[in-house]
Structure formats: C-alpha cells, structure tokens
Amino acid sequence: MSNPVWKRLSVMLFLWAVMTVAALPAAGAAEGEKVVSVEEAIADNSGQATVEGYIVGTSSSTSALGEGRFESPFSVRTNLLLADDPKEREMDRLLPVQLPNHDVRKHLNLDDHPEHLGKKVRVSGELSPYFAVPGLRSASSYEWAESDPEEVV
C-alpha cells in the first residue's frame, strides 16, 4: 500500500473510532435520567431513577428489613441500604436496594465485599416499595460516585 493511501486509511479509521466512542451512552445513569438523593427517592418512590448515596448496611435478613445490619460480618447478598449520610442509622431515612442475581449483586453485595461499606455509589433501577417501605428494586447498573474504584457495571 502506498504511503498516501495508508495515511488516508489511518485517518478514516481514527475518525470512525472517535465517532463510535462518542455515540455510546455513558454507563451508570441512563441518558436523560436525573440522579436523585436518597431523601428524594424516598419522597417520590416511583419510576426509573439513579439514586446516589452511601452504602451503610443491609437488611437484617433476606425476608425482612428489620433493624438493619450496619457492620461486618454481613450475611445478606440480596440487598443494600443507602443513605445520604454515611453515618445515618434511622431506618426511615434509609433506602433499601434490591440486588438481582446478576453482576450488580456480584460486585456490590456486602457479604462478599465488606470493603464497600461507607462508599458513595449511584445505583439505577425502579423506585418502588421494597420490604413494604420506599425502595429501589431491580438494580440494573451502578457506578462509584467517588473516584476511588474505577469499576462501572
């Protein structure tokens, strides 16, 4: 291949790659979806949303919210409790988050990852009652809200 043809092909491939990456949606919050606080998610508990908060614990068991579990060792993999303040323990100010059996559960649950306790995260899913209180069900994706880990699912 002659040099001018190779240069032209290289430029075209580079531009194609840049346009492809620019067209992909960002991970985490769905396009046009507003990020809400835990307090806002509790007050308006309907529709799809991305909630930002601190991971403060889990429910007491897999079948009831109970009084919550706020320190290790954790034994529940199916949910998290989010709060606007990392020291919050008042159950009516916490948002239970259902972790379906896929990558979000694998990466976020405190039983396998107690090091996530206290970290700020954004979780996307459906705002709807969970354990008979305002919650977030069917968590579909997450991203860390602080620049600590680089993981996005």
Within the range 100-127, can you find the residues that are surrounded by 15 or more Cβ atoms within 10 Å (Cβ to Cβ), over 15 Å from residue 60 (Cα atoms) and touching a Ser or Thr at 6+ places or on another chain (Cβ under 9 Å)? 104, 105, 117, 122, 123, 124, 125, 126, 127
Spot the failing condition for residue 93; the list is (1) within 13 Å of the chain's Cα centre (by Cα); (2) under 13 Å from residue 38 (Cβ atoms), and only one is missed. (1)
Take the residues of the range 138-153 that are surrounded by fewer than 17 Cβ atoms within 10 Å (Cβ to Cβ) and charged (D, E, K, R): which is modelled with the highest pLDDT? 146
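The values are calculated or read from the model by the stated rules, or taken from the named source; none is laboratory data. Just so it is clear, the structure is predicted and the values come from calculations on it, not from any experiment. Note that we place each Cβ from the backbone using ideal geometry, even for glycine, and neighbour counts take in every protein chain shown.
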